[in-house]
Amino acid sequence: MTPLGRPGIDGTVALVTGAGRGIGAAVATALASEGASVAVLDADASAAEDTSAALRARGTPSLPYSVDVTDRPAVDGVVADVERRLGPLHTLVNVAGILRPGPVVDLSDEDWDATLAVNATGVFVASRAAARRMLARQRGCIVTVGSNAAGVPRMSMSAYAASKAAATQFTKCLGLELAPHGIRCNVVSPGSTLTDMQRGLWSGPDGADAVIAGDPGTYRVGIPLGRIADPEDVAEAVLFLVSDAARHITMHDLYVDGGATLRA
């Protein structure tokens, strides 16, 4: 394995939540390609093992963990185990998330609670556990994968948008607190990305075309760049923010959405 040379990643240890598939798996693979050892955390045990096994097959030290990010003792235990077995944690990337769409008047209490628990509380739990370790060394990076829905209202996306807005603002507040200690915290906010979550929103074979075109009936513009993102597009943004090339960037929210929000 030959790292591509982004400064400050080779030889570090990273933990990626939600790394069993989609954006999380792409982030884990991208970090490994730059020479990081990668701990893979996912609620789905088989998905976590699949990603970790693929990384190990290419020569990357990697460990799989099947953990719910809302389980505080379990997440604390994972961080401790990662440091014991792989080394001091330098990078945390929060990707784990769920989507429970539906109009507010029809949204169940369970859907609301679960969405906020995973997408917002999970970011708090993992970030706190990592930050406590990073503080002792006065170095580290935390990136939260949010969503452009955090900044622009979406119909039938109230719980998801609220949870991502909470995670985004939390990460910025954390970045303010940790900046004096040399620890940077940033957000990457994707738009529509080719993942299982995205495909689950489509109602037919023309789902991708419909997303790109937009829908005036739901007050949603299309994607000016004319394509849906690949998970690797988001992973590239994460790589930049955790590298030394972004050493003077913190509390930033980087939209990776092809212009879909018109950066409103």
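A short reminder: the numbers here are calculations on the coordinates, not readings from a lab. Just so you know, these numbers come straight off a predicted model, no measurement behind them. In this analysis, Cβ positions are derived from the backbone assuming ideal geometry, glycine residues included, and neighbour counts consider all displayed protein chains.
A Gaussian network model of the chain, with springs between Cα atoms under 10 Å, assigns the largest mean-square fluctuation among Ala210, Ala36, Ala161 to Ala210. Relative to the 2.2 N^0.38 Å rule of thumb, region 134-204 has a C-alpha radius of gyration ratio of 1.36.
Filter the chain for me: DSSP H helices, axial length by Cα at least 15 angstrom, mean Kyte-Doolittle hydropathy not below 1.0. List them by residue number. It would help to have the intermediate numbers written out before the result.
Working: long enough: 22-33 (17 Å, 1.60); 45-57 (18 Å, 0.06); 72-85 (20 Å, -0.40); 122-137 (23 Å, 0.42); 158-178 (30 Å, 0.38); 231-242 (17 Å, 1.21).
What comes out of the filter, once short or polar helices are dropped, is 22-33, 231-242.
Give me D for the chain in µm² s⁻¹, whole number, from Stokes-Einstein with Rh from the Kirkwood sum over alpha-carbon pairs, 4 °C and 1.567 mPa s. Rounded to a whole number, D works out at 70 µm²/s. Here the Kirkwood formula, the inverse mean of 1/r across different C-alpha pairs, assigns region 206-249 a hydrodynamic radius of 12.5 Å. Counting neighbouring beta carbons within 10 Å and listing from fewest to most, the residues Asp76, Asp113 come out as Asp113, Asp76.
Computed over the Cα atoms, what is the radius of gyration of region 63-133 divided by 2.2 N^0.38 Å, N being its residue count?
Details: Rg = 14.4 Å, N = 71, 2.2 N^0.38 = 11.1 Å.
That works out to 1.30 for region 63-133.
Modelled this way, with points 7 Å down the Cα-to-C-beta line, the labels at Leu107 and Asp215 are 1.6 nm from one another.
Summarising the overall dimensions of region 1-105 from its C-alpha atoms, the Rg and Dmax are 14.1, 53 angstrom. Reducing region 140-155 and region 223-264 to their Cα centroids gives an inter-centroid distance of 11 Å.
Which log10 I(q)/I(0) values, to two decimals, does region 162-264 give at q = 0.15, 0.16, 0.17 Å⁻¹ under the Debye formula with one point per Cα? Per q value, in the given order, log10 I(q)/I(0) is -0.71, -0.79, -0.86.
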